[in-house]
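Below you'll find the structure, written out as structure tokens, and then a few comments.
The values are calculated or read from the model by the stated rules, or taken from the named source; none is laboratory data. Quick caveat, the model's predicted, so the values are computed rather than measured. Here the Cβ is made from the backbone with ideal geometry for all residues, glycine too, and neighbour counts use every protein chain on show. Keep in mind that these areas ignore ligands, DNA and RNA; they rest on the heavy atoms of the full protein, side chains included. Shrake-Rupley method; radii C 1.70, N 1.55, O 1.52, S 1.80 Å.
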Amino acid sequence: MQNTDIKVLVIHGPNLNLLGIREKGIYGTEDIESINKRIREEAEKLNIGVEIYQSNHEGEIIDIIHSAMGKYNGIVINPGAYTHYSIAIRDAIKAVDIPTVEVHLSNVHGREEFRAKSVIAPVCLGQISGFGGDSYLLGLRAVVLRLKQNNAFC
Ligand code: DQA
């Protein structure tokens with residue numbers, strides 16, 4: 001697959017619109033506009049297409065995932081708190097069968113016990129967690145790498 005054929009959908013889940021304001025000690029001071037700018041710059045460097053959405057609503061996130069069918073070949077998603085319990089988002093990712101990477105700004109494995117469990121990660125290529133806004137850029141690179149290798153390990 002050529003990079004120019006690759007289109008990735010980036011989804012920010014609930015409360016991520018408040019980045020830069022919310023719990024700065026955990027999520028840092030970078031706001032979502034700055035992260036989105038860096039995602040677009042990274043996509044340009046990789047010579048791929050990218051679109052970015054944010055939603056605070058589970059059903060809307062599911063609709064966005066469904067709408068990716070036939071339009072995007074990869075998904076990078078930070079499901080926010082839905083990570084830990086949304087079987088519906090997990091099922092949507094499984095249903096559309098588009099290679100997906102789960103990303104988190106914070107290291108979900110070093111925080112409260114409930115955050116270490118992801119119901120989404122098992123249907124993804126993998127999870128990137130703990131690198132702040134860079135987690136999205138790493139997620140983008142990871143999905144492109146796998147698409148080019150055409151070799152998913154799950
Ligand atoms: C988060 C981690 C989740 O546990 C939390 O509910 C969030 C943000 C992260 O990016 O670190 O909203 O997904």
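Translational diffusion of the range 96-154 was estimated from the Stokes-Einstein equation, with Rh taken as the Kirkwood radius over Cα pairs; at 25 °C and 0.890 mPa s the coefficient is 205 µm²/s.
State in Å² the accessible area per residue of the chain; use a 1.4 Å probe, count heavy atoms of protein chains only, and round to the nearest integer. Walk me through the intermediate numbers first.
Working: 7710 Å² over 154 residues.
Using a 1.4 Å probe on heavy atoms only, each residue of the chain averages 50 Å².
Relative contact order of the chain, taken over Cα pairs closer than 8 Å and 6 or more residues apart, is 27 percent. Centre-to-centre separation between the Cα atoms of the range 95-141 and those of the range 1-54: 14 Å. Here the range 7-150 is described by how far its Cα atoms reach on the three principal axes: 37, 33, 26 Å, from widest to narrowest.
Bridging of residue 94 to lysines at a Cα separation below 21 Å is possible for 7, 71, 117, 148, once same-chain residues fewer than 8 apart are set aside.
The residue among 114, 93, 127 whose Cα reaches farthest toward the positive pole of the charge dipole of the chain, with charges on the beta-carbon of Lys, Arg, Asp and Glu, is 127. Charge dipole (Cα centre; +1 on Lys/Arg Cβ, -1 on Asp/Glu Cβ; no other charges) of the chain amounts to roughly 340 debye.
The heavy atoms of residue 33 present about 120 square angstrom of accessible area, all protein chains included, probe 1.4 Å. Against the empirical curve 2.2 N^0.38 Å, the C-alpha radius of gyration of the range 19-68 lands at a ratio of 1.38.
Within the accessible area of the chain, what % is carbon and sulfur when the probe is 1.4 Å and the other protein chains stay in place?
Numbers: 3790 of 7710 Å².
The C+S portion of the solvent-accessible surface of the chain is 49 percent.
In the range 97-154, which chymotrypsin sites (Phe, Trp or Tyr not before Pro) fall in coil by DSSP and have 14 or fewer other Cβ atoms within 10 Å? Those that pass, being in a loop and sparsely packed, are 153.
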